[in-house]
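To keep things clear, I will list the structure first and then write my remarks on it.
The values are calculated or read from the model by the stated rules, or taken from the named source; none is laboratory data. The model shown is predicted, which means the values in this text are computed figures rather than measured ones. Neighbour counts are summed over all protein chains in view; Cβ atoms, including those assigned to glycine, are modelled from backbone coordinates with ideal geometry.
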Amino acid sequence: MTAVSSARPPAREQVLVAPSATVEDGARVGPGAQVWDQTVVRAGAQVGAETILGRGVYVGPGARLGERCKVQNQALVYEPAVLGDGVFIGPAVVLTNDTYPRAVTPDGRRKGAEDWEAVGVTVEEGAAIGARAVCVAPVRVGRWASVGAGSVVTRDVPDHALVVGSPARRIGWVGRSGVPLVSDNRDRWICPVSGEIYVEIDGRLEEAR
């Protein structure tokens, strides 16, 4: 007979689910994740290791969240959204999934799952979406980009871009720290926090090698 250890796993491996939260059968929640009060994680959703879901978050069936993400209170992550590792989703952010929303078909029948095709928002590694922003699918928010609070994103956001407004437009660049970069000449950008240097090429920002 093989002995089974009764020792508890390390805290970083335990999954914390608040009593008032709902994690449906078939949902996958990684080690060290936290699911707080009144949050709903639907069947088929995937939540990565050490990701935190705040109070009242909704994660739709088929949505995929990477590791070490932070999804703040009342955010709505509708399927088939995909979040990379280390993504920040601010309070009351909405990631939509219906290009032409209607409750009924043209003949007045209530729409069912077969009457529309869900489209998703993709948020790449390290990106941040500010409070009450709305991302209108299908859009991609690039790696380490930042979307300002209250913005409405209707088109793809480049890596490292800082966008604000409705519709959101780029007003600058940000590094991994999230702080706006400072230009030292026409093509080079420097992070005032880390000293990292980036180069702008054809409207894209890349880390200097």
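So the values come out like this:
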quantity	calculated
Flag for D107 being among the acidic types (D, E), part of a loop (DSSP other than H, G, I, E, B) and within 19 Å of the chain's Cα centre (by Cα)	no
Every pair of residues 6+ apart whose Cβ atoms lie under 6 Å, when the first sits in the range 187-208 and is within 19 Å of V141 (Cα to Cα) while the second is among the acidic types (D, E)	Y198/E207; E200/D187
Hey, R143 in contact with a His (Cβ under 8 Å, 6 or more places away or on another chain), at pLDDT 95 or above and surrounded by fewer than 23 Cβ atoms within 10 Å (Cβ to Cβ) or not	yes
Residue tally, condition under 16 Å from G148 (Cβ atoms), charged (D, E, K, R) and touching a residue at least 40 places away in the same chain (Cβ under 8 Å), over the range 164-186	0
Residues satisfying the stated conditions in the range 115-124, i.e. closer than 13 Å to A161 by Cα and not β-branched (V, I, T)	E124
Residue selected from the range 146-156 under the condition buried (at least 19 other Cβ atoms within 10 Å of the Cβ) and among the polar types (S, T, N, Q), by the criterion farthest from the chain's Cα centre (by Cα)	S151
Some residue of the range 144-163 being within 19 Å of G86 (Cβ to Cβ), in contact (Cβ under 8 Å) with a residue 40 or more places away in the chain and assigned to a strand (DSSP E or B)	yes
